Every structure is written in C-alpha cells, then in structure tokens.
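The values are calculated or read from the model by the stated rules, or taken from the named source; none is laboratory data. Since the model is a prediction, treat every value here as computed from it, not as a measurement. All Cβ positions, even for glycine, are placed from backbone atoms using ideal geometry, and neighbour counts span all protein chains on display. In case anyone asks, the SASA skips ligands and DNA or RNA and just uses the protein heavy atoms, side chains included. Shrake-Rupley method; radii C 1.70, N 1.55, O 1.52, S 1.80 Å.
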Amino acid sequence: MEYGPAPESRKAVDEWLNAHQGRFQLFIGGKWLSPKDNQSFKSINPANEETLAEIAEAGKEDVDKAVAAAKKALPKWEGLGSHARARFLYALARQIQKHARLFAVLESLDNGKSIRETRDIDIPLVARHFYHHAGWAQLRDSILKEYTSIGVVGQIIPWNFPLLMLSWKIAPALAMGNTVVLKPAEFTSLTALLFAEICEQIGLPPGVVNVVTGGGKTGEFIVQHPGIQKIAFTGSTEVGQLIRRNTAGTGKKLSLELGGKSPFLVFDSADLDSAVEGVVDAIWFNQGQVCCAGSRLLVQESVAEQFLKKIRSRMEKLRIGNPLDKAIDIGAIVAPVQLKTIEELVQKGKEEGGAIWQPSWACPKEGCFYPPTLITNVTPSATISQVEIFGPVLIAMSFRTPAEAVKLANNTRYGLAASIWTENINLALNIAPKIKAGTVWINCTNVFDATSGFGGYRESGFGREGGKEGLWEYVKPNWEVELTELPTTSEPKLENNSPSSSSFTTPAIDRTAKMYIGGKQVRPDGAYSIRILDPKGKGIGEVGEGNRKDIRNAVEAAHAAASWAKATAHNRAQVLYYIAENFAVRAAEFSARIAQMTALEPAISQKEVDLAIQRIYTYAALADKYDGQMHQTPFRNVTLAMKEPLGVMGIICPQEMPLLGFISTVIPAISMGNRVVVVPSEPYPLAATDFYQILETSDLPGGVVNIITGKRDTLTQVLANHDDVDGLWYFGSKEGSKLVEFAAAENMKRTWVNYGKPREWFNPQQSEGELFLRHATQIKNIWVPYGE
Ligand code: NDP
C-alpha cells in the first residue's frame, strides 16, 4: 500500500515571514538594527530552493556594537541574582514550548530536516535545555558561590541543529550570569531570529542576548573581538583549529565541539533487529548531518552478512522527500554545497574500491536530496573511513574479536561518540571504557538530554555542554579575577655547558642530576649539561639539557605506562601516600636544597616542603573521591559520567616554588591516572631531580612520571607540537602560554595555561583541589539501558 501525503501546514510560518516582509535585521541591545553597510544574504529552503527571507549580514562595526551592548548589559544581568535569572530562563522555556510548532515548521523549512524530527526531537530538547538551566540559574549563587561569570561570551553555531545548538550555548551562559553575542550559521538563521523576538517578548534586559547574523567573516569578527572573554563554537574541526590559533594567548576561554566519525559497533550477541533501527537513527537521522552520527558501522564478521542484508531491506523502506510531510524519514540536505561534498566523497569512496549500495527508489529531482547510502568493501585507511562525510552515507567494515573492534573504533582522529550493540552487559561495559569518545551509547544512539554533558575527546574538541559539567565553561573562580600579569621577573642566570668557572665550587661528592624516563635515571640524549647557580652566582650542580629526543623517549615511556590509568583509585592513593611517607623522611634535605637554590629563609623553604607533603595527602585523599556521577537521563537510561584521565600529559612547572610548583602540578595529574612528562623549574630544577629518588622507592610504576630538565621554552615547544601528548599544562610567561595554545590546535590537545599570571602556590584555594583535577580529566558519558 502506498503512503498518502501528510503535509504539515506552513501557514503560521508564512504569516510570520510576511509580517516581516521577509527581511530581518540584527538583534543588538534589544533593538532591531540594520547593518552598517546594509549587506544581506538570502535564506533558502533546501527542499525546493525557494527564498524564505533576506537576512542582514553583520560587519565589524555591527559586531562591535553587539559586544558593547553585551558589555553594558553585563553588570545589571549579574546583579539580578540567581532567582531573577532563573525566572527569565524559565520564561524562555515556556515561550519555546508555547510556540513549539512555529519553531518546528520554521526549522524544517530553513534547514530541510523532517518535521517529525524538529517537532519531536529538536524543539522539545530546546525547551528541556532552558528548563534544566533555569534550575542551574536558581542554584548558581548557592552551589557555585566560589565562582563568577566569565563576562561577554561569543557563540558561533552550525546549521545542522540550529535552535538546539543555540539552546546548548545560550542557556548555560545566561544561567551563569554571562551575556551573549551569538552568530547562527548563514544557512539557518531564522529560528535564532524568532528566538530573539521571544527574548524581547519576555522582557529580557536589552543586550543580554544579541544575535548577529552573517557568514564566516562575521564569526571571525566575534572570535577576534577584544571585548569578548569566551568563545563557544560548534562546527568543523578545521574552523575549530583556526579559532584555537586565533584566540591563543588572549586569555579567552574556549570550548569547541567539532566533528566526528563515530563508530557503531554491532557484536554477534546484539539484537540485530534493534541494531538495524539503531543504524537508522545513527546515520539517517537529520540526513546524517550530525556531528556524532554513527557513520562507521563495525559489525562482527559472523553476523556481518546477515546484518547488512537486514540494513539493505530497511533502507528500501525509508522515505525521502518534502520535510513538511509527517511520514517522511529523510528530508533535504542543507545546501547545494553540502550535497556536492557528499557526492564527491562517495565518488572518492568508489574510486578507492568501495561498493556503493543505494535503495531502488529514486530521490526527488528538485531540491537538495541525497539517498541513504551504504558503502562496503572499505579499508580502515580509506578516505571515507577517516573523513566526516556529513551526509546519509554509512560505511561498513567487519571485525573478528572485541579487541579488533576497539582498535578499529579508535582508528580515527576524532573522539566524539560511539554506540555499542550487544545483549551481553559484560561485553558492553568492558568495551565502553576502551573507546576514546566523550559519549558512549549502549544499545541506543543519538539520544541527548540536558542533564548529561556532551563533548569530545581528541580532535572532536574539548569542553562539555549540558549538566553541571557544562557549567564550568561559563564560570571562573572568584580569586582568578584578582590575578595580574607580572612583569617578567629577572630570573637567575644560567650557564651552558662550561666545565668550570671561578665562581663554581664542586660539591664534596658529585651528585649528578639525571633525567628520569621510564623509571630510569638517564643521561640527556644531546650530552649537554646546564650549570645551576645559586642567587649569588655560585654553581651548585648541573642538570642535563633535554632535547626533542628526550621528550620523545619520555612520551613513549609515558604511553607504555598506560596500566597506571587502569589501576584502582585506591591503589593510586596508596602509592601517593607512600611517596609522602618517603618524602617526609627526607624533608630536611629538601628544605635545605630549596634554601640552597633560592636563598630563601629556612622557615620559608621548610614551609614549602610541609605544604608539598600536605598536598600529596590531599590528592591521595581525593584519588578515590573525585569520582563520577550518575545522570538521570530519560529514554530508559541512566548515564554514567565517568571521569577519565586525559592520557599522557606534559607539565611545564612554574619557575618559582621549585618543589611546591612541581608537586602541586604533577601529583593531581597522576592521581587521576595520567602519565606525565614534566619540565621542572628551569633555574631551580634540583628539587625535582632529587625527587625521582623518592619516586623510585615508592612503588610508582616506571613511566608514570618522567622528568626532563633543560630550557623551558625549547621543551615547551616540543611538547606542544607533539601529537601523542593529550594534554599540556603550562605555568609560565604570557608568550609561552600563547605558544602552547597555538601549537595545541594541531591535534587539539587539552591545554591549561596561566597567561603569565602567577598564582599563589602557598594558597590552597588557588593551588590545590578539584580545579586541578577537572583539568586533569575528561568526562565520558556512558548511556546504559535502565528500567522499563
Ligand atoms: P563551519 O565550521 O564552517 O561552520 C560552523 C560555524 O562557524 C558557522 O556559523 C560558520 O558560519 C562559522 N564560521 C565559518 N568560518 C569561520 C571562521 N573562520 N571564524 C569563525 N566562525 C566561522 O562548518 P560548515 O558549515 O562550513 O560545514 C563544513 C563541514 O563542517 C561539514 O561538512 C561538516 O563536516 C562539518 N560540520 C560539523 C558540525 C558539527 O556539529 N560537528 C556542524 C557543522 C558542520 P557560516 O555557516 O555562516 O559560514
């Protein structure tokens, strides 16, 4: 039997568009303003190529105006307090719900996605996001009273979930007391403009939300604007990298939600029919234009043929066409340029030997439509296995063993999501921790909820959106406001490999400070040494001058020590306590060493040692207490928010506080299961090199802590460029901070830098506790079936 048409009415949208004569201005400071140079662009319905509206294009002056309006609104918005902000967010949620169908139809017309999805998924999730964050707004002044807002936030969103991405950005920003300048994607600005009208209607104070429409150039003006304190971006990895480089060293906080090539794993123990429906949701939802689309099907060899047969037969039954038809599964691709990219990538897949399969029915001839496509006979290194196609194209490969499945799943530069299908709970929960991705769905896929964070590992970006995890992106500790940039202090002089000088006195017994790599004391690869002088210029020792190869060896050793991440938290805590125990025995010796290097009063160097021992205790205590959370997500799930280590981290210690700076950074990182390559204070490295003797006697596995002495700037550059380093902390100069953030864009390693603003290492509020652990971990949300 044939389906009859079931069209959704577009009358209300047409009325709304007509009421505006099809023209839209910029929403700045609560007013609708024409752009300075009167430029505009068209918004097109991709299903039939009709022009829906003419939209203002914001230039530099317009972005300036929007930022000024957001800045002006900030004190009043912050001053309103938690409860008043909660009421505004609640009102936004209510209004979205009340106008849900108008939003849904408008989104379908503008983007080409099916009304079934905008009506039942996008818009309800948008309302849910505002409700959830109305709650966080209410709680802000009580549970986050040690934190303050960031300020003016620039937000740049893509076209694939226009209003949903707006809600993911605006709701947490407003809830935490920030004001916003938002740029929707050029293809899909209309629902953001309707949202701006709703902001007006509820009486949101002018300037709290500003919407500047425009293309990539407008986005660049936002990114580069000095009046903006944070950028939140969702879009392609390439633009994410550009933004990382553009903001490097500026002190702008950054969160990036980028692309993906997410694996969809089907084991022979899966309910295959359910998994077929899972595939439909994974790759044909939103025409496959989903950052976390399950675009790589990995199916166990024993059921591969059977499963692919079921998929083909299901594909025959999918319906493609007018997005406003309520019985349509697949709507239109957002724009001709995206359609062309999909066609070219499929062609490339064919040329590389892939077998292309499409259903027997034909796509509509008019408009941007592309049929659901399955590509088999693909190798893991083929272009289409690695590149985000961002269309309804599924590539399929098979695997034999769970270990092979994990290898294939992780064989990507991305790490956004994964989906695991098996009826065997042991297998599912064994595989989930092994997959490098921010979200893992077990026997489900593409489910979202405001209570659960969403975001990537690796080149899928960093930062989370949703839940408490997402709030950290929009607040900063109160004390951070007071930090100031110090003029470059005159650092103690260093001398290079000169064997002797008149001011050098050889210690009674030469204690050669070596590097420490893989649990072994090693000499520097370059066989150069650096003389360490006391403040009077007298030589007190020598350390190896580390180079690129030493760093390479240390990174390799750190990777080889991966089992540290699997050790139980209790076990890691025990090792830390043991370190503290052995350290305490030698406290006087370390105190003397600090005094020798820095000429500080003995009481102060003693205090540094005492605090260092205390700090190790703190992280030993927190190792098994800074644990995950369980989110109560809907759809018969619970979501386990697991805090995972970043992996291999580089740590550039502060120059000051030679021992406490080392302990305060290294210990929290390893307490969470990271392995570290540490560059100790350049002028005062000897406390760190003395410390490896303690590590050696405290049951710390070799490779967990690796110490490379030498020139800070040189070693920082090598670590920042290293593709196998997952995170880098830097406590040094402003220039060094910029270098780290800029170079990190290449593999999107997580960074934490201080922009040349030293913290007080003696002050536990600034230098100890959960803030350090948050920077040492990333959250993986694992959606597990639960309940009826
Ligand atoms: P982009 O990354 O170019 O666009 C995302 C947003 O950034 C848009 O608002 C865009 O504006 C804006 N933008 C573009 N260039 C800059 C810039 N230099 N500085 C600041 N902002 C900028 O994605 P595209 O829309 O071009 O899509 C290209 C590919 O990106 C897709 O094929 C897909 O692979 C991927 N993508 C991934 C998404 C995800 O969620 N992970 C979402 C969208 C795309 P405008 O659109 O107006 O040009």
Of (1) touching a residue at least 12 places away in the same chain (Cβ under 8 Å); (2) surrounded by fewer than 20 Cβ atoms within 10 Å (Cβ to Cβ); (3) away from the ligand (no atom under 16 Å from the Cβ), Glu220 fails just (3)
Can you work out which of the residues in the stretch 238-250 that are more than 8 Å from the ligand (Cβ to nearest atom) and open to solvent by 50 Å² or more (accessible area, probe 1.4 Å) is nearest to Glu735 (Cα to Cα)? Thr250
Looking only at the stretch 520-546, filter to residues that are in contact with a Pro (Cβ under 7 Å, 6 or more places away or on another chain) and closer than 14 Å to Asn706 by Cβ; which one of those is surrounded by the most Cβ atoms within 10 Å (Cβ to Cβ)? Gly546
Filter result for Arg312 (open to solvent by 10 Å² or more (accessible area, probe 1.4 Å) and within 12 Å of the ligand (Cβ to nearest atom)): no
Can you name the residue in the stretch 223-237 that is near the ligand (Cβ under 7 Å from one of its atoms) and of a type outside the set (Phe, Trp, Tyr) and, of all such residues, is farthest from Phe390 (Cα to Cα)? Val223
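To keep it simple, each residue is scored yes or no on (1) crowded, with 24+ Cβ neighbours inside 10 Å; (2) under 30 Å from Pro336 (Cβ atoms); (3) out of contact with any strand residue (DSSP E or B) (no Cβ under 9 Å at 6 or more places or on another chain).
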| residue | (1), (2), (3) |
| --- | --- |
| Leu163 | yes, yes, yes |
| Thr179 | yes, no, no |
| Lys183 | yes, yes, no |
| Phe195 | yes, yes, no |
Just name the residue that is nearest to the ligand (Cβ to nearest atom) out of those in the stretch 258-294 that are under 25 Å from the mean Cα position of the chain (by Cα) and open to solvent by 10 Å² or more (accessible area, probe 1.4 Å). Cys291
Considering only residues that are under 22 Å from the mean Cα position of the chain (by Cα) and either open to solvent by 10 Å² or more (accessible area, probe 1.4 Å) or without any contact (Cβ under 8 Å) to a residue 40 or more places away in the chain (or both), which ones fall in the stretch 129-156? His132, Trp136, Tyr147, Thr148, Ile150, Ile156
All conditions in (1) open to solvent by less than 20 Å² (accessible area, probe 1.4 Å); (2) more than 9 Å from the ligand (Cβ to nearest atom); (3) out of contact with any Leu (no Cβ under 8 Å at 6 or more places or on another chain) are true of Gly214 except (2)
So, in the stretch 316-360, exactly how many residues are open to solvent by less than 60 Å² (accessible area, probe 1.4 Å), more than 26 Å from Val105 (Cα to Cα) and not in a strand (DSSP E or B)? 7
Residue count, the stretch 412-441 (criterion: under 20 Å from Val303 (Cα atoms) and open to solvent by less than 10 Å² (accessible area, probe 1.4 Å)): 6
Condition check for Ile96: more than 23 Å from Glu50 (Cβ to Cβ) and either within 27 Å of the chain's Cα centre (by Cα) or not in a helix (DSSP H, G or I) (or both): no
Just to be sure, is Ala603 modelled with pLDDT under 95, more than 29 Å from Asn721 (Cβ to Cβ), open to solvent by 30 Å² or more (accessible area, probe 1.4 Å) and in a helix (DSSP H, G or I)? yes
Could you go through the stretch 51-65 and let me know if any residue there is surrounded by fewer than 16 Cβ atoms within 10 Å (Cβ to Cβ) and closer than 18 Å to Thr191 by Cα. yes
Do we have Leu125 as within 16 Å of the ligand (Cβ to nearest atom), at pLDDT 95 or above and under 20 Å from the mean Cα position of the chain (by Cα) here? no
Where the second residue is open to solvent by 30 Å² or more (accessible area, probe 1.4 Å) and outside any helix (DSSP H, G or I) and the first is free of Cβ contacts under 8 Å to residues at least 40 places away in the same chain and lies in the stretch 58-81, which pairs have Cβ atoms under 7 Å and are six or more apart or on separate chains? Glu61/Lys36
